[in-house]
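First the structure, in the form of structure tokens, and then the observations on it.
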Amino acid sequence: MDMALAALADVLQIKNISASMVGVFFGLFIGATPGLTISLGMVLLLPLTFALSPVTAFCLLLGLYSSGFVGGSISAILLNIPGTPSAAATAIDGHAMAKNGRGGEAIGTAVTASFFGGMFSLVCLVLIAPSIAKIALRFGAPELFALVLLGLTLICSFGQKNIVKGLIAGVFGLIIMTVGLDPLDGTPRFTFGSVELQAGISFLPALIGLFAIPQIINGIISGVKVIPSYHGKVAGVLPKIKNLLKLIKSMSLGALIGTGVGAVPGAGGPIAVFLSYDYAARLSKNQSEFGKGTPEGVAAPESANNGVAGGALIPMLTLGIPGDPITAILLGALMIQGLTPGPLLFENNGQFVYSIFWAFLVANILTLILTFATIKLWVRIHQVPSRILLPIITILCIIGSYSLRNTFFDTGVMLLFGVIGYLMNKFRFPVVPLLLAIILGPALEEHLRMSLIISQGDYSIFFTHPISLIFLLLAFISFTLPIVGPMLSKKKAENN
Amino acid sequence: MRRANIIISIILLAFSGCYGVLIARLPSRDLPNTLGATFVPWVLAGLLTLLSLMLLIGNIISNSPDSPVSIPKRDIFGIAGLLLLITSYIKLMGYVGFIPISIVFLSILTWVAGSRKPIGILFFSVLTTCIVYFLFQKFFSVQLPAGIFFSSG
């Protein structure tokens, strides 16, 4: 209890509240601007966190995390262009409402439902995370190896259109992580005599390159019109209590699905929002109104959207396995601060974990207040031209990657990964497995080799430990199911 | 996409081969009961080869119609130009210093991005450079290159 109160006092310090506010404003801007993603916003802010304390850094990043989704729904409702992929379901009924002159009501519903989903997922996070961490504390090297492998296979296979391409991206990321000194015996691997390469490839420049450079290339060179404009008026944003009460069922459903799906690594926000939209439509009395502009069609996906945020924090904090690209970046932020994600975080940095809970609460409250207070600004933000935004993003990426070690070597790494990211997007290879492999690769190798040292080279250690065996079986299922499943369905259809 | 996938899988197979050659050249330290530094790279090389073969064979035997993917020549030149611009910026920053080179870099980039008002471009470039400099150098204590003209040493 003392720890929780001390953490609250820490989060309520002026500098931390200010960091949350900056994060919320930046998140609303990023989310409301079509073409800019929350992941991009995160990688742009990440270099700024070097000089901040862990709590301040997380107030900033969680502010962006919770408000980015809300910002994304504004452009989805007004322009029918989802600011984030997760806002796609919101656009269906939200934009229909806007076309009927109810854009303000749709935005108000979206903001309130997002707050509801965020709060619900926070309660789940606070109640569930410590218990999972307590169990995970008993894990040894074989269990941790199997867990990281499970996390990686889930991300590589789940939700990917082409599982082979997902797995290739994951293996390619693991290959990149073999560059540098061997973690156990110090043998230099693939360093080609370079001192910089001995420390390995830093994930921060790789992150910036993978997420930001392809967007800059598309925006500046390929002539993609990144930012459209909206010239209508928005009124009546503040929702009425009686209207909100009618939406409780949709919001609860969305929050439940969002938190549950968010907690599964690799499942991601878009799955959660469409699932909740679909269920809300099926369970609604006004089923025929869905798609024509009903607030229920906005409330369910928006609640799910922010439910995903808290849900994805559960495996990230307790097991060190990120649920989506954004929590992967948050995981990187923890590592930059010298903190080890996973159960040991609860054991060794209990107060910091409480600070994350409080910071998430503050971020959600500030998102609610600041969005309503500044809604006119976000409605007009689409008019910021890309010829202004893209050069700013470019210079922030370059200086951000330089600031990691004050060396241009990292900036070169960022550029290289930018080209890789661009080519991967072009040839439909998913970048998220590559990113996660870069982040989780060192832990995977370390736990594998530590396990074999413990067993004196006996591989059966992974199968004789029950938890490790379960994780390995789940990992096997996770990448065989997407291949075997469609084949079985096809055969069944042929037989019928 | 099928043709592109076949070419990519061949490139990946060649990459796996080169990676294998590099692994074979790694120094080995045989510590008791420990996997060597080459164990994980060998596993990964094997996995990449297997997956590349799966991608290759899957696309060769596929009956689905091909949807060609190509990067237009204009884009290739554009991307090369952008990378050259960024590389030159990075290379020159150490000599010229962050502030002057950033103003020039941002001016060129803003023009490339579609802005055509010289005064506006200059104002934007100077303002952005000053904000970024203040943010990183003063607020976050990141030492940005001063260049040979501005360094005190």
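The values are calculated or read from the model by the stated rules, or taken from the named source; none is laboratory data. Everything numeric here is computed off the predicted structure, so don't read it as measured data. When we count neighbours, we look across all protein chains shown, and the Cβ atoms used for this are built from the backbone with ideal geometry, even at glycine. When the accessible area is computed, the model is the full protein with side chains, heavy atoms only, and any ligands, DNA or RNA have been set aside. Shrake-Rupley method; radii C 1.70, N 1.55, O 1.52, S 1.80 Å.
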*Taking each residue of B:3-11 in turn, how many C-beta atoms of other protein chains fall within 10 Å of its C-beta, and what is the average?*
2
*Check the straight Cα-Cα distances from A:Lys249 and name the lysines below 26 Å, setting aside those fewer than 8 residues away within the same chain.*
A:Lys99, A:Lys240, A:Lys285, A:Lys292
_Gain in span if fully extended, A:Asp2 to A:Ser18, counting 0.36 nm per residue against the direct Cα distance_ = 3.3 nm
*Please grab the % of Cα pairs in region A:1-157 that end up more than 21 Å from each other.*
60 percent
_Interface size B-A, as summed buried accessible area [1.4 Å probe, Å², nearest 100]_ = 5500 Å²
*asked:* How compact is region A:342-496 by the rule of thumb for globular proteins, expressed as Cα Rg over 2.2 N^0.38 Å?
replied: 1.59
*Hey, can you grab everything whose amide H is under 5 Å from the amide H of A:Arg189? Only 5+ residues off in sequence or another chain; H modelled, so Pro and N-termini drop out.*
A:Gly180, A:Leu181, A:Asp182
*Which of the helices in chain B meet the span-like rule: DSSP H, Cα axial reach of 27 Å or more, Kyte-Doolittle mean at least 1.0?*
B:2-24, B:39-61, B:73-96
*Within chain A, what's the longest stretch lacking chymotrypsin sites (Phe, Trp or Tyr not before Pro) that sit in DSSP loops with no more than 13 other Cβ atoms inside 10 Å?*
A:193-458
*Using θ = phi - 60° and the Karplus relation 6.51 cos²θ - 1.76 cosθ + 1.60, list the HN-Hα couplings for region A:343-348 in order, rounded to whole Hz, with x at every Gly or Pro.*
x, 5, 4, 5, 6, 8
*Given H placed 1.01 Å from N in the peptide plane, which residues other than close sequence neighbours of A:Thr407 have an amide H under 5 Å from its amide H?*
none
*Under 1.5 on a/c is rounded, so check that first for region B:1-71, then, if it is not, pick prolate when a/b is larger than b/c and oblate when it is not; a ≥ b ≥ c are the square roots of the alpha carbon gyration tensor eigenvalues.*
prolate
*Under 12 Å from the Cβ of A:Gly254, count the other residues' Cβ atoms, weight Lys and Arg +1, Asp and Glu -1, and hand me the total.*
-2
_Using amide H atoms built in the peptide plane, which far-off residues or other-chain residues are under 5 Å from B:Val142 H to H?_
B:Gln137
*Once both axes come from the Cα atoms, what is the angle between helix A:350-373 and the longest principal axis of chain A, in degrees from 0 to 90, rounded to 10?*
30 degrees
*Extended-chain gain in nm, criterion 0.36 nm per residue less alpha-carbon gap, A:Asn100 and A:Ser460*: 123.2 nm
*Classify chain B as rounded, prolate or oblate from the Cα gyration tensor: take a ≥ b ≥ c as the square roots of its eigenvalues, call it rounded if a/c is under 1.5, otherwise prolate when a/b beats b/c and oblate if not.*
oblate
*In sequence order, what are the phi-derived ³J(HN,Hα) couplings for region A:281-286 according to the Karplus relation 6.51 cos²θ - 1.76 cosθ + 1.60 with θ = phi - 60°, rounded to whole Hz, with x for glycine and proline?*
5, 5, 8, 7, 6, 9
*Each residue of region A:4-9 in order: what ³J(HN,Hα) in whole Hz does its phi give by Karplus 6.51 cos²θ - 1.76 cosθ + 1.60, θ = phi - 60°, with x for Gly and Pro?*
5, 5, 4, 5, 4, 4
*asked:* Cut-off under 17 Å on the C-alpha distance; same-chain residues fewer than 8 positions from A:Lys376 excluded. Which lysines are left, in chain and number order?
replied: A:Lys233
_Accessible area expressed per residue, chain A, with surrounding protein chains retained (probe 1.4 Å, Å²)_ = 37 Å²
*asked:* Could you work out how much longer the chain between B:Ser141 and B:Leu50 gets when fully extended? Use 0.36 nm per residue separation minus the Cα distance between them, nm to one decimal.
replied: 28.0 nm
*Reachable lysines from A:Lys426, Cα under 23 Å, same-chain residues fewer than 8 places away excluded?*
A:Lys161, A:Lys165, A:Lys225, B:Lys73
_Prolate/oblate/rounded label for region A:392-463 (Cα gyration tensor, a/c 1.5)_ = oblate
_Loop-exposed trypsin sites (Lys or Arg not before Pro) per DSSP, neighbour cap 10 Cβ within 10 angstrom, longest uninterrupted part of chain A_ = A:286-496
*If you keep only loop residues by DSSP, which trypsin sites (Lys or Arg not before Pro) in region B:80-149 have at most 16 other Cβ atoms within 10 Å of their Cβ?*
B:Arg116
*Going by alpha carbons, how many degrees (0 to 90, nearest 10) lie between the helix axis of A:88-99 and the longest principal axis of chain A?*
10 degrees
*Treat chain A as a sphere of radius equal to its Kirkwood radius over Cα pairs and apply Stokes-Einstein at 10 °C in a medium of 1.306 mPa s; give the translational diffusion coefficient in µm²/s, rounded to a whole number.*
69 µm²/s
*Measure nothing but the geometry: give the 0 to 90° angle between the long axis through the Cα atoms of A:14-32 and the longest principal axis through the Cα atoms of chain A, rounded to 10°.*
70 degrees
*Would you mind getting the Kirkwood hydrodynamic radius of region B:73-150 from its Cα pairs, rounded to one decimal in Å?*
13.4 Å
